[in-house]
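One structure below.
None of the figures in this text is laboratory data; all of them are computed from the coordinates on show. Computed from a predicted model, the values in this text were never measured in an experiment. Note that each Cβ is placed from the backbone with ideal geometry, even for glycine, and that neighbours are counted across all protein chains shown.
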């Protein structure tokens, strides 16, 4: 399922609980006005006359288990104590002007919306499962795209071709590549490292950049500027090694999550295409 949405939903649960934890009279008044109804089903505990449903304790317990907590009586008692503390504080909060604050109401609505989104996405993923064949196909596609070699390169990025040619001339006169990069490159991410791009497969780079890089011998630099959408590059190849690609078993969970994300993104794009947005 969509991990980012799920994480946001879990973070939002305490906010929603504040809204659900009103005292008995407030809950009864809300019900009369067509608002939230008192909790139905068996109670896990009653706090100041307000029944806290067993389903809420079960949900919080499940969250603890999903985070690696032990399934024992100690954990269940700790969750129950936490549930009681939340209910007590929520009841007090409901008696204050905070309960009617537009800011708090907005946060509660966002939490409600997020949990509804999470439930919808979970149901969508359940109804549109990722098969083993889907995972294997995506794994092979990525593996083929990665190639069998990794390259450790560095570059100097400048605005104009003439600047790049000047740097190549300096290199031919004996200038050090890393020092030129620290002084001249406009790539702030690699400037302090002397243009070092670390280990990468060619597929992560612009095609023109990758094509020029893979043709270099180890320790050599390009004798002509390489143009990409970012500007003009001078590239030096420091080293090459065989790619150690993970097995399907090792990559399975990550591939699965990526496919789920792709499928959810497609669903959202479809809904957005049909929506009337003004």
Can you give the angle from 0 to 90° between the axis of helix 102-127 and the longest principal axis of the chain, with both taken from C-alpha atoms, to the nearest 10? 70
Can you put 278, 92 in order, fewest other beta carbons within 10 Å first? 278, 92
Residues 156, 130, sorted so that the one with the fewest Cβ neighbours within 10 Å comes first: 130, 156
Can you tell me the orientation of helix 161-172 relative to the chain, as the angle in degrees between its alpha-carbon axis and the longest Cα principal axis, to the nearest 10? 60
Of all the Cα-Cα pairs you can form in region 86-174, what percent are over 20 Å apart? 73
How far apart, in nm, are two points set 7 Å out from the Cα along the Cα-to-Cβ line at residue 211 and at residue 125? 4.0
Rank these for me by crowding, 216, 248, 83, going from fewest to most other beta carbons within 10 Å. 248, 216, 83
Once every Cα of region 171-278 carries one equal point scatterer and solvent is ignored, give the base-10 log of I(q)/I(0) from the Debye formula at q = 0.11, 0.21 Å⁻¹, two decimals. -0.58, -1.12
hull vol. (C-alpha, convex hull) per residue for the chain, Å³ -> 237
Angle between the Cα long axis of helix 248-274 and the longest principal axis of the chain, 0 to 90 degrees, nearest 10? 70
Highest GNM mean-square fluctuation among 189, 203, 147, for the chain with Cα springs under 10 Å, belongs to 189
Can you give the FRET efficiency for residue 201 and residue 249, using 1/(1 + (r/R0)^6), R0 = 22 Å, r = Cβ-Cβ distance, to the nearest 0.05? 0.55
